């Protein structure tokens, strides 16, 4: 039996602003029940599979915290992707010791997203057991 990820759902304070942000990243809106809920689809992979990401209206008093989930979006070239989208990361993309290149951005509601490239090292690093 195979376990697979269905989607990630994040909270959003301003649904219209958040929708524009994720569309700017290249996601396609597939469910629009704004301002309560929306769902996006990532571009299909080579097997025709497309992951999804949802936003729901933030509950009153909700605030993004450092301990909230960190969402990873993989791209071929971190710096080029961010430049193409016109988004400035919190810090310059950096090559890490674990062989990934990463840069963090925040969505309009403060959810942290790590734009990264790991290539084969995501699943097959030299130290894989």
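Below is a table of values for the structure above.
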item	result
Residue that is nearest to residue 11 (Cα to Cα), among those in region 70-103 that are in contact (Cβ under 8 Å) with a residue 60 or more places away in the chain and in a loop (DSSP other than H, G, I, E, B)	87
Filter result for residue 63 (out of contact with any helix residue (DSSP H, G or I) (no Cβ under 8 Å at 6 or more places or on another chain), farther than 25 Å from residue 31 by Cα and in contact (Cβ under 8 Å) with a residue 24 or more places away in the chain)	no
Total residues in region 76-98, condition modelled with pLDDT under 95 and in contact with a helix residue (DSSP H, G or I) (Cβ under 6 Å, 6 or more places away or on another chain)	0
Residue count, region 29-49 (criterion: exposed (fewer than 14 other Cβ atoms within 10 Å of the Cβ) and over 15 Å from residue 109 (Cα atoms))	12
Which listed residue is on the phi < 0 side of the Ramachandran plot, in contact (Cβ under 8 Å) with a residue 60 or more places away in the chain, touching a strand residue (DSSP E or B) at 6+ places or on another chain (Cβ under 7 Å) and surrounded by 11 or more Cβ atoms within 10 Å (Cβ to Cβ), from 109, 54	109
Residue check for residue 65: exposed (fewer than 14 other Cβ atoms within 10 Å of the Cβ) and in a loop (DSSP other than H, G, I, E, B)	yes
Selected residue (criterion: farthest from residue 106 (Cα to Cα)) from residues of region 11-28 that are in contact with a helix residue (DSSP H, G or I) (Cβ under 8 Å, 6 or more places away or on another chain) and surrounded by 14 or more Cβ atoms within 10 Å (Cβ to Cβ)	26
Residue list for region 25-42, filter: closer than 19 Å to residue 87 by Cα and over 12 Å from the mean Cα position of the chain (by Cα)	28
Qualifying residue in region 9-25 (condition: touching a strand residue (DSSP E or B) at 6+ places or on another chain (Cβ under 9 Å), outside the structural domain of residue 108 (by TED's automatic domain parsing), at negative phi and assigned to a loop (DSSP other than H, G, I, E, B))	yes
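The values are calculated or read from the model by the stated rules, or taken from the named source; none is laboratory data. Since the structure is predicted, the reported quantities are computational estimates derived from the model, not experimental observations. So basically every Cβ, Gly included, is an ideal-geometry build from the backbone, and we count neighbours across all protein chains shown.
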